[in-house]
Amino acid sequence: MTLMRVKNKNIDYHVIVGLLYREIQTRFGSKQFGYFWGIFDAMLMIIIFAGLKKIVSSNSMLHLDFTVFLAVGFLSFFLWKNIVNKSLTAFSANKALFLYQRVRPYHTLLTRLFLEVLISISTIFIFLFIGWFFGFDLSIDNFLFTILSLGWLIVFGFSIGFLSSILSELYEIYAKVMNILLSPLLFISAIMYSVESLPPKLQEVILYNPLVHFMELIHGFYFKSLNTNHVDFEYIFYWTVVPLILGLYLYRKHEERIISS
Amino acid sequence: MIILKNVTKYFKTKKTYKYILNNVNICIPSEKNIGILGPNGAGKSTLLRMLGQIDFPNKGKIESNCTFSWPMGLGNGFQGSMTGRENVKFVCRIYGLKNKQLKKAISFVEDFAEIGDYFNMPIKLYSSGMKSRLSFGLSLFFDFDYMIIDETLSVGDQRFQKKSKDMLRDKIKKSKAILVSHSMDTLREICDVGIYINNGDITYFDNIEEAIQCYQKNV
């Protein structure tokens, strides 16, 4: 009765495909309107802040549509934050599956990264459609560099998420601390304002936050009237590479512990 | 062939180390069905997990280029909120099955497990016996070099037990089994060689009968 000879070929591919199906099923299948909530989150934020801005002040950024500015910021920010958040629990949520020898912890991380990126791309397309439908000015100043910046932001998210996934496995308190650190980021990451519009003293402080550089980068390339003068490329390069290397080192060291715990 | 080189495995408690294996060197030849015996708590299940490469020695190495099934009967790799069918699909996918093969595998497992409507219900509603049926049926579909089985043969009613044993007997013509059992009859029937594990030491026997005698002398 030879039914299916088990081969050790393309394991990574098969495992990630299997996990992807499973992840989609658990994420969207069991909850009603699962797909809807992913989009609703960002939508609500944009409507609230665009509305507030209308009420509170007149145009401080004359040459661009503030709603589009918000949309670009929020979508980028949520993409980053979701990658980090999902990575934090990637191992613990899939622990039962390490029973299958070929499922290894890094598979679950990569699966979640792919899925987050896929969801974000579809969300962006839906927003583009809505924006186009309501006649917003969606023109992009430098398309290629906007996409590249977004790509870099994804790598940055992965690098922080990768390191976090291992640390949260090693130290129970890490995930809690990380959640506390992540929550104010929405307001201190130059999503609803540009660095240029802040007083110089505040600029200096806020530029320690690497996400501010990424937001400036993406905003600067997207809008003609904004620039990337405040972006310190070296600074965000280190923020991307150092956690990644540290993560790889810790992963090699602790992979067996993560599988067997 | 499975080679254990200077393998040490222990569990740390607050004060002491509890040794499962203490600097063990053995070599298990290919093409043999292996029975593992030992008193409760000696580390039989841990040894199975290590052979299946989902647990690892603290020191030393286990070398083999064979494929191993997941250990059946030790917990289960199922997601509670998903149905039996969806879980079966997942396992088939990670082992590279697609389309026709996937359908064939699902109907095979459905037929074998005989759990009726439960197959389309979430796993969290299953009894442990039902989970084992599913897990065992699933592993029968694949040809691993080694099937790792932990007491699963005692699942279900007598008719199901007989069916499982018949399937396994058929299966081990191609695959080999690594079996933990407290039933000497099952061990005699399925296994060729034996491993006796106790107090951090393991002894390899060329003949399962000798292993059984050693086990019975010590219990």
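Structure data summary
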item	result
Computed label-point distance, nm, for sites A:S183 and A:F133 using a 7 Å Cα→Cβ extension	3.4 nm
Interatomic Cα distance distribution for the stretch A:82-233, bins of 10 angstrom, percent	10, 31, 33, 19, 6, 1
Average other protein chain Cβ within 10 Å of Cβ, residues B:94-100	6
Cβ-based charge dipole, chain A, positive-most Cα from A:G18, A:F136, A:Y100	A:Y100
Solution diffusion estimate, µm²/s, Stokes-Einstein, the stretch A:68-130, Kirkwood Rh from C-alpha pairs, 37 °C, viscosity 0.692 mPa s	253 µm²/s
Nearest-20 debye value, the protein assembly as shown charge dipole, Cβ charges on Lys, Arg, Asp, Glu	1080 debye
Peptide ranges A:123-130, A:70-77 listed from the most packed, as the mean C-beta count within 10 angstrom indicates	A:70-77, A:123-130
Across A:K95/B:K104; B:K18/B:K174; B:K5/B:K32; B:K18/B:K162; A:K81/B:K104; A:K86/B:K174, pairs whose alpha-carbon gap is larger than 31 Å	B:K18/B:K174; B:K18/B:K162; A:K81/B:K104; A:K86/B:K174
Geometric extent, Cα atoms of the stretch B:101-159 - Rg, Dmax (angstrom)	11.7, 32
Cα-only Debye scattering, the stretch B:1-145: base-10 log of I(q)/I(0) at q = 0.17 Å⁻¹	-1.00
Stokes-Einstein diffusion coefficient of the stretch A:147-216, Kirkwood radius over Cα pairs, 20 °C, 1.002 mPa s, in µm²/s	158 µm²/s
Net charge dipole size for the stretch B:92-201 [Lys, Arg +1 and Asp, Glu -1 on Cβ; Debye, nearest 20]	540 debye
Cα-based helix-to-principal-axis angle, B:84-94 vs chain B, degrees rounded to 10	60 degrees
Using θ = phi - 60° and Karplus 6.51 cos²θ - 1.76 cosθ + 1.60, couplings along the stretch A:153-159 (whole Hz; Gly, Pro as x)	4, 5, 4, 4, x, 5, 5
Rounded to the nearest 20 debye, dipole of chain A from Cβ charges on Lys, Arg, Asp, Glu	1120 debye
Percent RCO, i.e. relative contact order, over chain B, from Cα pairs under 8 Å lying at least 6 residues apart	28 percent
Restricting the stretch A:190-254 to trypsin sites (Lys or Arg not before Pro) in coil, as DSSP defines it, with at most 15 other Cβ within 10 Å	A:K224
Among B:S30, B:F136, B:I20 - extreme Cα towards positive end, dipole of the stretch B:13-144, charges at beta-carbon	B:I20
Share antiparallel - DSSP beta bridges, the protein assembly as shown, percent rounded to 5	55 percent
Relative contact order %, the stretch A:38-172, counting alpha carbon pairs below 8 Å whose residues are six or more apart	37 percent
Positive-end residue, the protein assembly as shown charge dipole about Cα centroid, Cβ charges, pick of A:H213, A:I147, B:S45	B:S45
A:H63 accessible area, 1.4 Å probe, all protein chains in place, Å² to nearest 10	150 Å²
Gap separating the Cα centres of the stretch A:174-239 and the stretch A:84-150, nearest whole Å	20 Å
Nearest 10 degrees, 0 to 90: helix A:34-56 Cα axis against chain A principal axis	20 degrees
Residue-averaged beta-carbon neighbours from other chains (10 angstrom radius) around B:140-151	2
Shielding score for A:7-19, defined as the mean number of other chain Cβ atoms within 10 Å	3
Neighbour cut-off at most 14 other Cβ (10 Å), DSSP loop, chymotrypsin sites (Phe, Trp or Tyr not before Pro), the stretch A:186-244	A:F187, A:Y208
Expected-Rg normalisation [2.2 N^0.38 Å, Cα atoms] applied to the protein assembly as shown	1.21
Nearest 10 degrees, 0 to 90: helix A:105-133 Cα axis against chain A principal axis	30 degrees
Structure-based [θ]222 nm, chain A - -39500 (n - 2.57) summed over DSSP H runs of at least 4, per residue, nearest 500	-23500 deg cm²/dmol
Reciprocal of mean inverse Cα separation for chain A (Kirkwood radius, Å)	20.1 Å
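The values are calculated or read from the model by the stated rules, or taken from the named source; none is laboratory data. All of these numbers come straight from a predicted model, not from anything done at the bench. We place every Cβ from the backbone using ideal geometry, glycine too, and count neighbours over all the protein chains shown. The protein model used for the area step is the full one, side chains on, heavy atoms only, and it has no ligands, DNA or RNA in it. Shrake-Rupley method; radii C 1.70, N 1.55, O 1.52, S 1.80 Å.
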